[in-house]
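A quick write-up on the structure given underneath.
The values are calculated or read from the model by the stated rules, or taken from the named source; none is laboratory data. Just so it is clear, the structure is predicted and the values come from calculations on it, not from any experiment. All Cβ positions, glycine included, derive from the backbone under ideal geometry; neighbour counts span all protein chains shown.
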């Protein structure tokens, strides 16, 4: 986990092992350097993510200035905030990274993978997220919130790509982190050429087919208005998801609350909005990363878990981890019992002193 990601030019930590907090200028310079596919074709994966975003943002403007109405706005809101957000949790977070559940067969994995417009790649998300959990809020965390907003927002290019200098043994170990995903890995020789696990050809063709399918569906369902509304909404989501870990770790400040957040090993917090719209109860998730459910309390709606649970009922998911009962037993019930005992002690009537 110390060497798997490509270290930025400003480094992860200084000589005293403290986090390096680069200036905004340094972050932007690094972003432009790593986005340059003319300089090195090994930059293709980071470039692809932002190229997709650049293609979709005009759709958002076309929707607002040519096809806008409140029905389509509602559809765009639902698609970007709820559908794409929940899908990101289902696929990239709980399945590809943590293996929190298993599909019965490749068909259901294919369906789940392509439930929404393809905007980010498994490799960029998965490998760096393993590092994030190993080094959460420490030097080396690829989206360490204490280093600032830009540090997190541009992390998919600056901090999340894998190193281009892995040995063959190290590369094989990195590939094993994605063995259960549908990504067909490059050979070591191909990795040395392209700098990635994923093949550029298969990745780009997969994205084109995904976009062609959903573009056709949207157009047939609602004409050009729905097409531009939902493609633009996907671009909006792709911007918003780059801000999540900054917000989900309190913007680098300790915003954890007793009785709401039970993990005190890092700055992750449970937030109502990402919890309800995407099933992302982040502090709970950091307590039990491999759980297919992170909405452990009654008020914590978890749409991602609802999807996994539903697929398990129809036989599409063969097994899953659910840490709710463990959370309640180890954290929540002891907390409630402790609060109750404090109330009892505070309200107890002293016994009269007998002569």
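Observations, loosely collected:
- Restricting 146, 196 to residues that are farther than 17 Å from residue 241 by Cβ and assigned to a loop (DSSP other than H, G, I, E, B) narrows the list to 196.
- Of all the criteria given as (1) farther than 28 Å from residue 240 by Cα; (2) not in a loop (DSSP other than H, G, I, E, B), the one not satisfied by residue 179 is (2).
- Counted residues, the stretch 299-316 - those being surrounded by 15 or more Cβ atoms within 10 Å (Cβ to Cβ) and not in a loop (DSSP other than H, G, I, E, B): 9
- Residue in the stretch 74-87 that is at pLDDT 95 or above and exposed (fewer than 14 other Cβ atoms within 10 Å of the Cβ) present: yes
- Residue match in the stretch 183-201 (condition: touching a residue at least 12 places away in the same chain (Cβ under 8 Å), surrounded by 14 or more Cβ atoms within 10 Å (Cβ to Cβ), under 20 Å from the mean Cα position of the chain (by Cα) and under 24 Å from residue 80 (Cβ atoms)): no
- Count - residues of the stretch 7-27 that are surrounded by fewer than 11 Cβ atoms within 10 Å (Cβ to Cβ) and either assigned to a helix (DSSP H, G or I) or in contact with a strand residue (DSSP E or B) (Cβ under 9 Å, 6 or more places away or on another chain) (or both): 1
- Within the stretch 30-39, tally of residues that are loosely packed, with under 15 Cβ neighbours inside 10 Å and part of a helix (DSSP H, G or I): 1
- Hey, residue 270 at pLDDT 95 or above, in a loop (DSSP other than H, G, I, E, B) and on the phi < 0 side of the Ramachandran plot or not: yes
- Filter pass, residue 156 being crowded, with 23+ Cβ neighbours inside 10 Å and touching a residue at least 60 places away in the same chain (Cβ under 8 Å): yes
- Residue within the stretch 164-175 that is more than 30 Å from residue 316 (Cβ to Cβ) and surrounded by 22 or more Cβ atoms within 10 Å (Cβ to Cβ) present: no
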